[in-house]
Amino acid sequence: MRKYVIMGVQGSGKGTQAKMLADRFDLVHMSVGDIFRWHVQNHTKIGAQVRRRVDAGELVGDDLVESVVQDRLRGHDWNYGFVVDGFPRNARQAEFFLEGFDIDGVINLELATEEVERRVLSRRICSQCGLDYNLFAHRPEVEDTCDVCQGALVARADDNTEALARRLADYYSKTQPVLELFERKEFVLNVDAAKPREEIFATVCAGLGLPNTQ
Ligand code: AMP
């Protein structure tokens, strides 16, 4: 059983690395942000509750976040383990998490703020399948169209300068201290997130002692 948390500033590639780890090692990938975006897109009650905050780049309340995490992790048959991204984001969430689960490793993706801005403002996601694109590094073959499902590519509502400033402020004031807490208790692997995704993945596998073979 492998249980990992991926931390890192916005645009550092948490989702990408989490998906790669989940695919390669048969882990359940849990992204609280993806879960909330799904609810917003599908007009659920939770979607109505969180929409304004998610779009503005503000953190959703801890009670709701914890119940979503609880449902996802307790309700799922994760035989081989899980990889969590975008959670925990503050001290209370970290306490809640560590009370219920032991963790094998925390991956921290490090990225300078100017690169964060460049990446986040050029990010596009497929409105149908959720695949990530980037207008510099990973352009779609046909403009504004997903290579895989032909869905329309859109910018996330919170990928704009104003919301990003809010998200970064929260990251440095609330989430960074969680990392310091983990550093005292758990194994933290710091990785340079400016490198190409395959190189980062190889570093992560080596650091966690996982076999990086197909
Ligand atoms: P992300 O995709 O991780 O950037 O998350 C997108 C948005 O979902 C965040 O800006 C918050 O509004 C909400 N969100 C995701 N994870 C959390 C969390 N752990 N705590 C509070 N809000 C969250």
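The values are calculated or read from the model by the stated rules, or taken from the named source; none is laboratory data. What you see is a predicted model, and the numbers here were worked out from it, not measured in a lab. FYI the Cβ positions are ideal-geometry reconstructions off the backbone, even for glycines, and counts take in every protein chain you see.
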Being farther than 26 Å from Ala169 by Cβ, among the polar types (S, T, N, Q), within 16 Å of the ligand (Cβ to nearest atom) and touching a strand residue (DSSP E or B) at 6+ places or on another chain (Cβ under 9 Å) is the requirement here; does Ser127 meet it? yes
I want to confirm something. Restricting to region 158-181 and keeping residues that are within 17 Å of the chain's Cα centre (by Cα) and away from the ligand (no atom under 13 Å from the Cβ), which single residue is farthest from Asp23 (Cα to Cα)? Tyr172
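Yes/no matrix, rows are residues, columns are (1) modelled with pLDDT of 95 or more; (2) near the ligand (Cβ under 10 Å from one of its atoms); (3) surrounded by fewer than 17 Cβ atoms within 10 Å (Cβ to Cβ):
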site: Leu21; (1), (2), (3): yes, no, no
site: Arg37; (1), (2), (3): no, yes, no
site: Gln41; (1), (2), (3): no, no, yes
site: Gly47; (1), (2), (3): yes, no, yes
site: Arg53; (1), (2), (3): yes, yes, yes
site: Val69; (1), (2), (3): no, yes, no
site: Asn79; (1), (2), (3): no, no, yes
site: Gly86; (1), (2), (3): no, yes, no
Can you say whether Leu109 is surrounded by fewer than 20 Cβ atoms within 10 Å (Cβ to Cβ) and either in a helix (DSSP H, G or I) or modelled with pLDDT of 95 or more (or both), as far as the supplied structure shows? no
Which members of region 193-214 meet the condition of being touching a Ser or Thr at 6+ places or on another chain (Cβ under 8 Å) and farther than 12 Å from Met20 by Cβ? Ala193, Lys195
Could we say that Val5 is assigned to a strand (DSSP E or B) and within 12 Å of the ligand (Cβ to nearest atom) here? yes
Would you call Phe96 outside any loop (DSSP other than H, G, I, E, B), within 15 Å of the ligand (Cβ to nearest atom), aromatic (Phe, Trp, Tyr) and at negative phi? yes
Select from region 155-185 the residues that are of a type in the set (D, E, K, R) and in contact with a Gly (Cβ under 7 Å, 6 or more places away or on another chain) and write down the one among them that is surrounded by the fewest Cβ atoms within 10 Å (Cβ to Cβ). Arg166
Could you check region 84-124 and list, in sequence order, the residues that are under 22 Å from Gly57 (Cα atoms), among the hydrophobic types (A, V, I, L, M, F, W, C) and in contact with a strand residue (DSSP E or B) (Cβ under 9 Å, 6 or more places away or on another chain)? Val84, Phe87, Leu109, Leu111
All-but-one check, Gly57 against (1) within 17 Å of the chain's Cα centre (by Cα); (2) surrounded by fewer than 19 Cβ atoms within 10 Å (Cβ to Cβ); (3) within 12 Å of the ligand (Cβ to nearest atom), failing number (2)
Just one of the numbered conditions (1) among the β-branched types (Val, Ile, Thr); (2) outside any helix (DSSP H, G or I); (3) within 19 Å of His138 (Cα to Cα) is not true of Thr16; which one? (2)
Considering only residues that are within 11 Å of Val5 (Cα to Cα) and not small (Gly, Ala, Ser), which ones fall in region 71-88? Phe82, Val83, Val84, Asp85, Phe87, Pro88
